[in-house]
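A.B. asks: Okay, here's the structure, questions in a sec.
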Amino acid sequence: MRLIAPEKAGLPADLPHRLDALVRRGGAPALHGVVVARRGRIVLEWYGGGEDHMLNTPLGHVHFGPDTLHDLRSVTKSLVALLYGLALESGLVPEPGEPLLSLFPEYAGLAADPRRAGLTIGHALTMTMGLEWDESAPYTSPENSEIAMELAPDRCRYVLERPFVEEPGEQWRYSGGAAALAGAIVEKGTGLRLQEFARTALFEPLGAGPFEWSAGSDGSALAASGLRLTPRGLARIGQAILNREIAPGWIGEMLRPRVPAWEGVSYGYLWYVGRDGRATAMGNGGQRLFLLPDLDLVVVVTAGAYDEAGQDTAPRAVLEDVVLAAIRGDAR
């Protein structure tokens, strides 16, 4: 996407100054990068510097720029939902209503439990499988279910054999394991590693630029958190979703509210969806992809507040206090 002056897309000319002012007053801690696109053009691009990590590997102090890859953490999950949709529209994977365990014949013994046999792909995509899962511990601890999954000999079996804590479909329960199952379904259907399908079906066709995708010991990409893109690349994907350039029949389903997540926010298929039709992909540390279709607006934020209590501060301030405030004409 091409960079243009904000006013050419109907935004105030002082948009960059508003972001600079936010950063100077300390209102966006650990902010690494911002890309704002409207009507298919980038209207604001900003990069800073700071300590960064690649998952749990420290990278030291990084000076970020347009070509610097950044961890997306759990934004990865939302892009896995998009990859599932691309595979679905090509007839390579079953519909969300199909039984989940039918895709994993290697775990036939688990299907002896009627409740487990009743799990669907949709239960995984909405994180409503009803299975025990807890990611409240740090992402460096095996007490965290996602880390325990990656330490297990077979991540999908680990997820599918968790005990039930509620009936499937009743309650949203945040689960990296759900995303791992979705990624495995894409791999089974396409016959490709998730990272290879993403390259050929999504990143290259859209011109999203370079990427890296950390893999587990089995070679499969970490579908819950392992993707690294540039902010520009993520913004390009966000714009393609708004424009229905890819998987057009799937995107409306993916972003439809399906289950309450928390007050005022629902969950679609691995996406957070607001009452106003706006959608968000979010990841640990302050990684965000905001989609605002009513304003034809895409906002990408990358940050380094990993595992910190206030990690929502920077992305929320960029969106609310800079972008939306500028559109409303609020005084700086």
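A.B. asks: Return the sequence-ordered ³J(HN,Hα) values of the stretch 242-255 in whole Hz as given by the Karplus equation 6.51 cos²θ - 1.76 cosθ + 1.60 applied to θ = phi - 60°, using x for Gly and Pro.
C.D. replies: Taking θ as phi minus 60°, the curve returns 4, 7, 6, 6, 10, 6, x, x, 8, 4, x, 5, 4, 9 Hz for the stretch 242-255.
A.B. asks: Same structure, new question: To the nearest 20 debye, what charge dipole does the chain have about its Cα centre, counting +1 at the Cβ of each Lys and Arg and -1 at the Cβ of each Asp and Glu?
C.D. replies: 1060
A.B. asks: Describe numerically, in nm with one decimal, the distance between label points set 7 Å from Cα along Cα→Cβ at LEU59 and at GLN171.
C.D. replies: In this crude spin-label approximation the distance works out to 3.7 nm.
A.B. asks: Only Cα pairs under 8 Å and at least 6 apart count here; give the relative contact order of the stretch 267-315 as a rounded whole percent.
C.D. replies: That works out to 30 percent.
A.B. asks: Still on this structure, please answer the following. Test of the criteria: in the stretch 244-290, which GluC sites (Glu not before Pro) are in a DSSP loop and have at most 15 other Cβ atoms within 10 angstrom of their Cβ?
C.D. replies: GLU245, GLU263
A.B. asks: Over the stretch 1-81, what is the mean sequence separation of C-alpha contacts under 8 Å (at least six apart), divided by residue count, expressed as relative contact order in percent?
C.D. replies: Here the relative contact order equals 23 percent.
A.B. asks: Could you order the peptides 303-313, 289-299, 158-168 from most to least packed, using the average number of other C-beta atoms within 10 Å per residue?
C.D. replies: Put in order of decreasing packing, that is 289-299, 303-313, 158-168.
A.B. asks: Under a Cβ-Cβ cut-off of 10 Å, what is the net charge of the residues other than VAL318 that fall near it, where Lys and Arg count +1 and Asp and Glu count -1?
C.D. replies: Local net charge: +1.
A.B. asks: Report, in debye and to the nearest 20, how large the dipole of the stretch 182-240 comes out about its Cα centre when Lys and Arg carry +1 and Asp and Glu carry -1 on their Cβ. Before the final figure, lay out each step's value.
C.D. replies: Working: 6 positive and 5 negative charges, 36 e Å.
So the magnitude is around 180 debye.
A.B. asks: Something else about it: Separation between the ASP154 and VAL265 pseudo-spin-labels, each 7 Å from Cα along Cα→Cβ, expressed in nm?
C.D. replies: 3.5
A.B. asks: Still on this model: Between LEU3 and ALA137, what is the label-point separation in nm under the 7 Å Cα-to-beta-carbon projection?
C.D. replies: 4.4
A.B. asks: For the stretch 181-207 and the stretch 18-41, write down the distance between their C-alpha centroids in whole Å.
C.D. replies: Using only Cα atoms to place each centre, the spacing works out to 31 Å.
A.B. asks: Viscosity 1.002 mPa s, temperature 20 °C: give me the Stokes-Einstein translational D for the stretch 199-332 in µm²/s, with Rh taken as the Kirkwood radius over C-alpha pairs.
C.D. replies: Here the translational diffusion coefficient equals 133 µm²/s.
A.B. asks: Along the principal axes of its C-alpha atoms, what lengths does the stretch 57-155 span, in descending order and rounded to whole Å?
C.D. replies: 52, 36, 22
A.B. asks: Working from Cα positions, state the angle (0 to 90°, nearest 10) between the long axis of helix 15-24 and the longest principal axis of the chain.
C.D. replies: 80
A.B. asks: Same structure, new question: Relative to the Cα centre, what is the charge dipole magnitude of the stretch 225-332, using +1 at the beta carbon of each Lys and Arg, -1 at the beta carbon of each Asp and Glu, and rounding to the nearest 20 debye?
C.D. replies: The dipole magnitude comes to about 280 debye.
A.B. asks: Let me ask something else about it. Kirkwood Rh, the stretch 1-81, all Cα pairs: how many Å?
C.D. replies: 14.4
A.B. asks: Also, I was wondering about something else. Can you give the relative contact order of the chain as a percent, counting alpha carbon pairs under 8 Å and 6+ residues apart?
C.D. replies: In percent, rounded to a whole number, it is 24.
A.B. asks: To continue, here is another question. Go ahead and run the numbers for FRET between SER102 and ARG244, Cβ-Cβ distance against an R0 of 35 Å, rounding to 0.05.
C.D. replies: E(calc), rounded to 0.05, equals 0.70.
A.B. asks: Averaging over every viewing direction, what projected area does the convex hull of the Cα atoms of the chain cover, in nm²?
C.D. replies: On the way: hull surface 62.8 nm².
Seen from a random direction, the Cα hull of the chain projects 15.7 nm² on average.
A.B. asks: How much length is gained if the chain between ILE327 and ARG41 is pulled fully straight, taking 0.36 nm per residue apart and subtracting their Cα-Cα distance, in nm to one decimal?
C.D. replies: Result for the pair: 101.3 nm of gain on full extension.
A.B. asks: Amide H of GLY268: which non-local residues (sequence gap of 5 or more, or other chain) have their own amide H closer than 5 Å, using H built in the peptide plane?
C.D. replies: ARG258, VAL273
A.B. asks: On a 0 to 90 degree scale, rounded to 10, what angle separates helix 176-190 from the longest Cα axis of the chain?
C.D. replies: Result, in degrees: 80.
A.B. asks: Kindly provide the chymotrypsin sites (Phe, Trp or Tyr not before Pro) of the stretch 1-104 that DSSP labels as loop, not H, G, I, E or B, and whose Cβ sees at most 11 other Cβ atoms within 10 Å.
C.D. replies: none
A.B. asks: Computed from the mean reciprocal separation of all distinct C-alpha pairs, what Kirkwood hydrodynamic radius does the stretch 123-170 have, in Å?
C.D. replies: Its Kirkwood hydrodynamic radius stands at 11.2 Å.
Readers should treat all values here as calculations from the given coordinates under stated rules, not as data from a laboratory. This one's a predicted model, so the numbers in the text were calculated from it and none came from an experiment. Cβ sites come from the backbone with ideal geometry, for glycine too, and all protein chains shown count toward neighbours.
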